[in-house]
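For reference, the structure discussed in these notes is given below.
The values are calculated or read from the model by the stated rules, or taken from the named source; none is laboratory data. Just so it is clear, the model here is predicted, and its values are computed rather than measured. Here the Cβ positions follow ideal geometry from the backbone for every residue, glycine too, while neighbour counts run over all protein chains shown. Accessible surface is based on the protein model in full, side chains and every heavy atom, while ligands, DNA and RNA are left aside. Shrake-Rupley method; radii C 1.70, N 1.55, O 1.52, S 1.80 Å.
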Amino acid sequence: MMRQTRTHITAGVILSTLAALGVLAGFITTKSEAQGVAFPQLRTGQPVALGQLTSPRVEKAYLLGKASGRAFYRVDVRGQGQCFGVGPADAIGDIGEFACGFSGFPTAEYPVIYDAVVGADGPGRVLKDSDMRLYRLNVIAADGITEVKVAGSRIIVRNNVGSITFREAQPLGLITSFDAAGHAVDTYDLRPQE
């Protein structure tokens with residue numbers, strides 16, 4: 001039986017819970033090295049009714065947009081700072097996962113939130129970091145971010161959101177976000193750091 005670890009990586013804080021399937025999902029913010037780039041806004045979103053599958057800790061949700069079968073939310077969670085969530089686009093209000101601690105997002109220093117879904121298939125053997133593969137990448141980005149490149153693929157960011165699900169899991173590598181002029185604004189390395 002494979003074990004699933006669900007991890008939310010929020011500005012350096014790692015929260016982990018065990019489950020039983022084989023996928024790791026993590027929200028990641030990175031500090032941008034871009035100088036003099038302003039990212040003033042993120043859409044406030046439209047209020048939505050909460051679905052039955054949404055955590056009872058979620059008090060309100062605002063739909064930011066949809067991309068590639070995923071719905072993206074700004075979420076009010078009891079006792080937390082600013083939160084963001086993702087769920088299926090065909091079940092608006094059912095927020096499958098969310099992460100908090102994004103106070104003030106977005107800023108020029110932190111223009112993008114990456115939600116990486118990675119996993120490894122290896123029942124019956126010890127898994128190594130090199131066994132990990134990228135299955136899906138969801139992006140919530142500030143105004144000004146128009147494109148994200150990962151694993152040789154391109155994600156178009158519209159209305160602050162973008163997503164890609166790979167038919168075949170991809171090796172972990174760099175995620176790079178770009179502005180409309182094609183300048184790299186943010187880079188994050190998904191590969192495990194030793």
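For segment 61-117, which whole-number percentage of the solvent-accessible area (1.4 Å probe, protein heavy atoms only) is attributable to carbon and sulfur atoms?
Carbon plus sulfur share of accessible area: 46 percent.
Could you sort 57-70, 134-147 so that the peptide with the highest average Cβ count within 10 Å comes first and the rest follow in order?
134-147, 57-70
With a Förster radius of 30 Å, plug the Cβ-Cβ distance of A184 and D129 into 1/(1 + (r/R0)^6) and report the FRET value to the nearest 0.05.
Computed FRET efficiency for A184 and D129 comes out at 0.75.
Tell me, in nm to one decimal, what length is gained between E168 and Q52 on full extension, where the rule is 0.36 nm per residue of separation less the Cα-Cα distance?
That pair, E168 and Q52, stretches by 38.7 nm at full extension.
Starting from the alpha-carbon convex hull of segment 68-194, give the projected area averaged over all orientations, in nm².
9.5 nm²
Between E109 and T44, what is the spin-label point distance in nm, taking each point 7 Å from the Cα along the Cα→C-beta axis?
With each label point 7 Å from Cα toward Cβ, the separation is 2.6 nm.
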